[in-house]
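Step one of this worksheet: look at the structure below.
The values are calculated or read from the model by the stated rules, or taken from the named source; none is laboratory data. In this text, all values refer to a predicted model and were calculated from it rather than measured experimentally. Positions of Cβ are generated from backbone atoms using ideal geometry, with glycine treated the same way; all protein chains shown enter the neighbour counts. Just the protein is used for accessible areas: all its heavy atoms, side chains included, with ligands, DNA and RNA removed. Shrake-Rupley method; radii C 1.70, N 1.55, O 1.52, S 1.80 Å.
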Amino acid sequence: MISPSSEKLPSANVAPAQLEHGVSPWLDAWHRLRRNHLAVFGGVVVIVLSLLCVLGPLFSPYGYQQTNLENTFSPPSASHWLGTDQLGRDLLTRLLFGGQISLMVGLIATAVALTIGVIYGAIAGYAGGNLDRVMMRIVDILYALPFTIFVILLMVFFGRDIKLLFVAIGAVEWLTMARIVRGQIMSIKRMEFIEAARSLGLGTPRIIFRHMIPNILGPIIVYTTLTIPGVMLLEAFLSFLGLGVQPPMSSWGVLIKDGAERMEEYPWLLIFPGTIFSLTLFSLNFLGDGLRDALDVRAAKD
Amino acid sequence: MFRFIARRLLETIPVLFIIVTATFFMVRFVPGGPFDSEKATTPEIRANLEAYYGLNLPLHRQYTNYLKAIVLHGDLGRSTKYASRTVNEIIADKLPTSLELGGLSLAIALVLGLSAGVIAAVRRNTKVDYIVSSFAMTGICVPTFVLGPLLVLIFAIHLGWFSASGWYVWQDRVLPSLTLGIVYAAGIARLTRGGMLEVLNQDYIRTARAKGASEARIIFRHALRGGLLPVVSYLGPAIAGILTGSFVIETIFQIPGLGREFVNSAFNRDYTLVLGTVILYAVLIISLNLVVDVVQVWLNPKLKFE
């Protein structure tokens, strides 16, 4: 969102002389992104929070599992900045450590979804014809399924293993990515440089991964950024139901669950994790929206 | 149109078949049976229980029996946790509550979302628009399991206006429906605003204005129909989200609905109840998606029933 200030759009005041030193599209997008305050805010929050979550627990005097039964439910104080929980564990340490887990689930499960989605979409888009029709019909049908329910089933029956969590969530979230990649691949499939690559005798995988994917990185980056909050939300949803990350391990979903059970007397147990989690989702969404505007990706839904 | 619906219905059969099959075998192949948690089951009792539920038959016989019962009688079997009850009875008992919760939430989402979106679009780039848009973004980013407990904290515990749990009187229904509805209200508001803005710039709106149509008539009669399209395509995922979201809501607010029953049955390894609930949810979501698709084509003549 560009604020209605006196600032003009870049194209409006580019003098012909300036046009000569061209700017790479990525640099151009970077400049546009930097002018988007909300996106910059989102990016900064994400980076700062990630650093805090990774480094914070190293400097904390408490361990994330370290209990102290003489100091349970302590309100925020000088020694425990965010207070302690029902077992006297330091909430700040647990929050930062839980952040590591939540962010890690977000990144790894998104990577799984990204891999499946890009390969599937690229094959469908490049092959075209009947194969494409069948593959996309499958995606349409899968879209209509109650997938959260299947993730719940997987988690219940195959043990609540965190590795399984990555795979289960990743296996659910690849559909949109597949659609987007397919649409993008189809739109550049007939361009000259692809024809040139083909006439040089390059193999199909090489054409797809060396020549096509790099050209559609923009949309892929945007939707990856927008997938991460969705994945983190699903992790927290499962952990809240007791089906995701298991105590004494911590994650934002686990902390919110614990907090919600005791909020009546000890509201900070809910408010701190809830705020940090919402702030993270907020920031990732703003960053994703900003990237979409900066990279000029239109709603490439099909 | 009838051919479209018929074809989609036909397509549903193999999909449901795959869901039933996949879930059936997934549930059977996992470690831990439904009677593992019983205290001190003697081998005789265990054998009797397994015979009662047909679990002593070869797997393929269990599967064909299960399918036959569903197709011929709509019978989903007996709960392995509550031996005296059939899955059909449990569903009949619990589903109405969940449907009521879902219906109320959807109504809240539509009323709040549509009106906020239309107002924001009509007053675009004013304070009203910014307020609506930031509320919508907040609504999307605060998950139900944070919002729900917070609303309870404020409106039930501190102000005492509504109750924090149960499902008996109207005070019980306010907070759960609101919690579940707000996320989708936010999504609908954003989509309505976007859709309306796009439509309001089009030639036919200018024509309507030039012909002297009133502003209200332009918005409700001309613009809304086109502006609603993105909202309608969002309804499919929204309905699925509301149904699965009810698992969390029913847990937070202790509502005796099917969502909570499903989560419990998964923990209890109640084979038949899990299977039955999954099938029911699949049927619900698939048929509601079909309704959404039909409405979409009906609203937008450019799409054809292919």
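Tabulated data
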item	result
Total residues in region B:239-257, condition under 25 Å from A:GLY230 (Cα atoms) and more than 10 Å from chain A (Cβ to nearest Cβ)	6
Among residues of region B:86-99, those that are touching a helix residue (DSSP H, G or I) at 6+ places or on another chain (Cβ under 8 Å), modelled with pLDDT of 85 or more and either of a type in the set (A, V, I, L, M) or open to solvent by 50 Å² or more (accessible area, probe 1.4 Å) (or both), counted	3
Subset of region A:62-73 [free of Cβ contacts under 8 Å to residues at least 24 places away in the same chain and within 34 Å of the chain's Cα centre (by Cα)]	A:THR67
Selection from region B:261-270 of residues that are more than 10 Å from chain A (Cβ to nearest Cβ) and either on the phi > 0 side of the Ramachandran plot or in a helix (DSSP H, G or I) (or both)	B:GLU261, B:ASN264
Cross-chain or 6+ apart pairs with Cβ under 8 Å, region B:45-61 first and at positive phi, then part of a helix (DSSP H, G or I) and not basic (Lys, Arg)	B:GLY54/B:GLN62; B:GLY54/B:ASN65
Some residue of region B:226-238 being more than 10 Å from chain A (Cβ to nearest Cβ), open to solvent by 10 Å² or more (accessible area, probe 1.4 Å), modelled with pLDDT of 85 or more and in contact with a Gly (Cβ under 9 Å, 6 or more places away or on another chain)	no
Unique residue being touching an Asp or Glu at 6+ places or on another chain (Cβ under 7 Å) and not in a loop (DSSP other than H, G, I, E, B) when the list is B:ALA120, B:ALA107, B:ALA156, B:ALA116	B:ALA120
Lone qualifier among A:LEU217, A:LEU291 - being within 25 Å of the chain's Cα centre (by Cα) and free of Cβ contacts under 8 Å to residues at least 60 places away in the same chain	A:LEU217
Identity of the residue in region A:247-283, within 9 Å of another protein chain (Cβ to nearest Cβ), under 19 Å from the mean Cα position of the chain (by Cα) and of a type in the set (A, V, I, L, M), that ends up farthest from B:PRO143 (Cα to Cα)	A:LEU279
Pick from region B:105-154, criterion polar (S, T, N, Q) and within 13 Å of another protein chain (Cβ to nearest Cβ), ranking: least open to solvent (accessible area, probe 1.4 Å)	B:THR144
Residues located in region B:56-73, provided they are farther than 18 Å from B:ILE18 by Cβ and open to solvent by 40 Å² or more (accessible area, probe 1.4 Å)	B:ASN56, B:LEU57, B:PRO58, B:ARG61, B:ASN65, B:LEU72, B:HIS73
Residue list for region B:293-302, filter: in a helix (DSSP H, G or I) and more than 10 Å from chain A (Cβ to nearest Cβ)	B:VAL294, B:VAL295, B:GLN296, B:VAL297, B:TRP298, B:LEU299
